[in-house]
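Chemist: Handing you this structure, nothing more for now.
The values are calculated or read from the model by the stated rules, or taken from the named source; none is laboratory data. This is a predicted model, so every value here is computed, not measured. Here Cβ is always computed from backbone atoms with ideal geometry, including for glycine, and neighbour counts include all displayed protein chains. SASA here: full protein model, heavy atoms, side chains in, ligands and nucleic acids out. Shrake-Rupley method; radii C 1.70, N 1.55, O 1.52, S 1.80 Å.
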Amino acid sequence: MEDYGSSDEDIYSSDQESYDGLENEEADSQWGSSTGNSCKVITRESLLVAQREDLRRVMDLLSLREHHARTLLIHYRWDVERLFAILVEKGKTCLFAEAGVTILEEVDVDSSVSSSTMMCGICMEEVAGSEVTKMDCGHCFCNDCWTEHFIVKIKEGQSKRIRCMAHKCFAICDEAVIRKLVSKRHPDLAEKFDRFLLESYIEDNKMVKWCPSIPHCGNAIRVETDEFCEVECSCGLQFCFSCLSEAHSPCSCWMWELWIKKCRDESETVNWITVHTKPCPKCHKPVEKNGGCNLVSCICGQAFCWLCGGATGRDHTWSSIAGHSCGRYKEDQEKKSERAKRDLYRYMHYHNRYKAHTDSFTQESRLRETIKEKVAILESRDSRLRDFSWVTNGLYRLFRSRRALSFSYPFAFYMFGDDLFKDEMTNEEKEIKQHLFEDQQQQLEANVEKLSKVFEDPFDGFEETEIMDMRMQVLNLSVVTDTLCKKMYECIETDLLGALQFSSHNIAPYQSKGIERATELNGGRNTKANNNITCQKSHDQTNGGSIELVHPSGCGTSDESGCSSRKRTRKDSGGSFFDLNLPAELIDRN
């Protein structure tokens with residue numbers, strides 16, 4: 001491997017700011033994953049709390065009952081900001097109509113029909129007024145018909161949005177009425193209905209997804225900003241939030257899916273067979289040549305010419321086969337064989353390097369305990385150097401750089417191949433960009449290997465001066481690898497993927513402190529009377545009135561800029577779940 005020592009010295013001298021930043025981070029003895037507020041772990045206990053945060057925002061804004069707010073949020077996939085934007089743009093009437101929410105002020109949905117009897121429009125039977133239920137939309141049918149309708153929809157998996165039975169009525173039925181009627185006949189289905197409503201916050205929310213751990217840890221992850229990111233669950237699993245596979249940046253999700261499929265299926269085996277074998281003209285089984293003679297015999301007994309694949313007799317000399325001549329050049333067959341051979345060698349080049357760095361990452365991960373033992377030995381010695389957090393920091397920097405380097409090879413395989421971006425750039429442009437990327441990749445690879453070699457030394461037996469030299473070397477190489485990783489990601493995002501015109505590929509951004517570890521959601525948005533809020537006025541074109549839209553000045557948690565939090569504090573329920581039958585106001589009072 002070519003040595004990039006001169007370029008390293010340039011980086012050492014020109015990147016003093018990054019070096020100082022790494023020195024400041026030495027106080028953090030463990031930062032294999034960064035911890036921030038942009039992603040949260042939602043457990044079974046906090047799931048309802050997380051759901052009620054968004055419900056409360058919509059209920060307060062539009063003065064709605066809880067089931068109406070839930071209907072709106074399910075329709076707009078729990079995207080509160082999008083719901084607010086549509087409210088401003090189209091008005092309340094259009095917002096409700098698209099979601100199937102019907103609110104009639106004059107209809108008292110909780111009262112029974114005043115007449116003693118009435119005819120049900122579904123079963124066409126006379127039923128008592130006490131056995132009839134009227135929905136928000138004003139349609140009323142007998143309880144038996146409503147119950148059968150609800151049961152069928154719940155069994156069909158449509159319990160999150162059960163529509164009214166009336167012809168051409170798109171109103172969504174009240175979940176409290178559904179729960180009340182179904183529980184009388186099928187309590188288990190009522191529980192299933194409640195569970196579907198609760199889990200809709202995860203199933204229908206693009207910013208919340210289940211952790212893909214096997215066996216399942218029971219957690220879900222909520223991200224606050226970008227869905228194209230990599231996160232770490234509290235169970236320890238690191239994964240891509242967008243596609244739920246293992247963390248694979250700088251590969252895009254599409255590239256990684258194609259790469260995994262290519263590594264697992266038999267496509268490369270077929271390529272090898274095409275290159276190294278030829279089919280028998282009789283039984284069509286692939287035959288591999290194991291000698292120098294061009295007369296080959298299949299296990300079925302058929303003899304054929306290795307040069308052209310044609311069936312022949314067995315009489316032959318060193319120079320020819322009796323009654324057979326195949327000196328003519330066949331261009332199509334030769335091109336096909338050469339193409340398969342070239343594709344196979346190209347795949348093997350990238351796969352071997354990807355596998356080598358993946359194996360190195362696995363081996364280096366096992367160094368963790370060994371490094372801890374060496375550090376413990378150094379700390380027990382009487383020395384002026386007492387802080388060895390630089391060892392841990394440098395080791396984690398090695399892990400992150402090695403991981404990014406290994407996934408850069410599948411990225412390069414597809415970025416500069418003919419599968420995905422054949423029409424995106426000319427051969428000259430592709431060659432220039434490939435050289436640019438490979439130069440940065442090669443510099444990163446050289447410095448990662450240097451950093452890896454430093455940790456393989458038996459530094460627990462070093463003298464104090466040697467320890468100080470090693471400390472400076474680790475700090476310098478850590479800064480260099482971090483800088484080169486940033487530059488490689490910048491090249492990918494700006495010069496390569498950012499220049500695409502006919503397709504869009506997104507990758508998770510590079511994080512110097514590693515994949516962010518999600519923190520547990522343990523509280524809700526607090527709605528205080530003196531919160532700093534921004535009010536926007538929007539004219540409702542349909543109703544001819546005005547809507548006062550209240551947005552929080554921030555997004556979620558309080559910060560130094562004065563962003564006020566609207567998270568509600570989670571109540572202690574003694575380890576039990578919230579009762580979905582209770583309104584939010586009652587839970588707040590309790």
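Chemist: If you take the beta carbon distance between Thr519 and Leu244 as r and set R0 to 25 Å, what does 1/(1 + (r/R0)^6) give as a FRET efficiency, to the nearest 0.05?
Modeler: Once the sixth-power term is evaluated, E becomes 0.80.
Chemist: To continue, here is another question. Take the solvent-accessible surface of the protein heavy atoms, probe 1.4 Å, and return the percent of it on the stretch 118-185 that carbon and sulfur atoms account for.
Modeler: Result for the stretch 118-185: 52 percent of the exposed heavy-atom area is carbon or sulfur.
Chemist: Over the stretch 338-507, with every protein chain in place, what whole percent of the accessible area is carbon and sulfur at 1.4 Å, could you tell me?
Modeler: The computed percentage sits at 46.
Chemist: Can you tell me the length gained on complete extension of the stretch Glu288 to Glu449, counting 0.36 nm per residue apart and subtracting the Cα distance?
Modeler: 54.0 nm
Chemist: Once ligands and nucleic acids are excluded and a 1.4 Å probe is used, how much of Ser512 is accessible, expressed in Å² to the nearest 10?
Modeler: We get 30 Å² for Ser512.
Chemist: Which whole-number value in Å² is the accessible area per residue of the stretch 338-507, probe 1.4 Å?
Modeler: Accessible surface, normalised per residue, equals 49 Å².
Chemist: Now a separate question. Using 0.36 nm times the number of residues separating Cys263 and Glu199, minus their current alpha carbon distance, what extension gain do you get?
Modeler: 19.5 nm
Chemist: Quick one: how many Å² of Asp79 are accessible to a 1.4 Å probe, rounded to 10?
Modeler: Its accessible surface works out to 50 Å², give or take rounding.
Chemist: Pop a pseudo-label 7 angstrom from the Cα along the beta-carbon direction at both Ala322 and Arg82 and give the gap in nm to one decimal.
Modeler: My value for the distance between the label points is 7.8 nm.
Chemist: When a/c is below 1.5 the answer is rounded, else prolate if a/b is larger than b/c, else oblate, so apply that to the stretch 79-216 with a ≥ b ≥ c taken from the square roots of the Cα gyration tensor eigenvalues.
Modeler: Oblate, because a/c is 1.5 or more while a/b does not exceed b/c.
Chemist: Ordered by packing density, taken as the mean number of other Cβ atoms within 10 Å over each peptide's residues, highest first, how do 414-423, 285-294 rank?
Modeler: Averaged packing, sorted descending, gives the order 414-423, 285-294.
Chemist: I've got another one for you. How much length, in nm to one decimal, is gained on full extension between Asp460 and Leu500, taken as 0.36 nm per residue of separation minus their Cα-Cα distance?
Modeler: Gain in length upon complete extension: 9.4 nm.
Chemist: Describe numerically, in nm with one decimal, the distance between label points set 7 Å from Cα along Cα→Cβ at Cys235 and at Thr93.
Modeler: Calculated label separation equals 4.9 nm.
Chemist: With every protein chain present, what is the per residue accessible area of the stretch 118-185 (1.4 Å probe, Å²)?
Modeler: For the stretch 118-185, the solvent-accessible area averages 49 Å² per residue.
Chemist: Another one. Within straight cross-link reach of Lys374, meaning Cα distance under 30 Å, which lysines are found once same-chain residues fewer than 8 apart are removed?
Modeler: Lys355, Lys450, Lys453, Lys513
Chemist: Using DSSP to define loop residues, name the trypsin sites (Lys or Arg not before Pro) in the stretch 137-194 whose beta-carbon has at most 13 other beta-carbon atoms within 10 Å.
Modeler: Within the stretch 137-194, the qualifying trypsin sites (Lys or Arg not before Pro) (loop, at most 13 other Cβ atoms within 10 Å) are Lys168.
Chemist: For Gln302 and Ser213, FRET efficiency with R0 = 56 Å and r from the beta-carbon atoms, rounded to 0.05?
Modeler: Efficiency, rounded to the nearest 0.05: 0.55.
Chemist: Measuring from label point to label point, each 7 Å out along Cα→Cβ, what is the Gln158 to Ala311 span in nm?
Modeler: The answer from the label model is 6.2 nm.
Chemist: Hey, another quick one. Would you mind getting me the FRET efficiency between Ser63 and Arg368? Use the beta-carbon distance for r and R0 = 41 Å, nearest 0.05.
Modeler: Computed FRET efficiency for Ser63 and Arg368: 0.15.
Chemist: Could you name the lysines whose alpha carbon sits less than 26 Å from that of Lys168, not counting residues in the same chain fewer than 8 places away?
Modeler: Those lysines meeting the cut-off are Lys90, Lys92, Lys134, Lys153, Lys155, Lys160, Lys180.
Chemist: Please work out how much accessible surface Ile377 shows to a 1.4 Å probe, ignoring ligands, DNA and RNA, in Å² rounded to 10.
Modeler: Number for this one is 80 Å².
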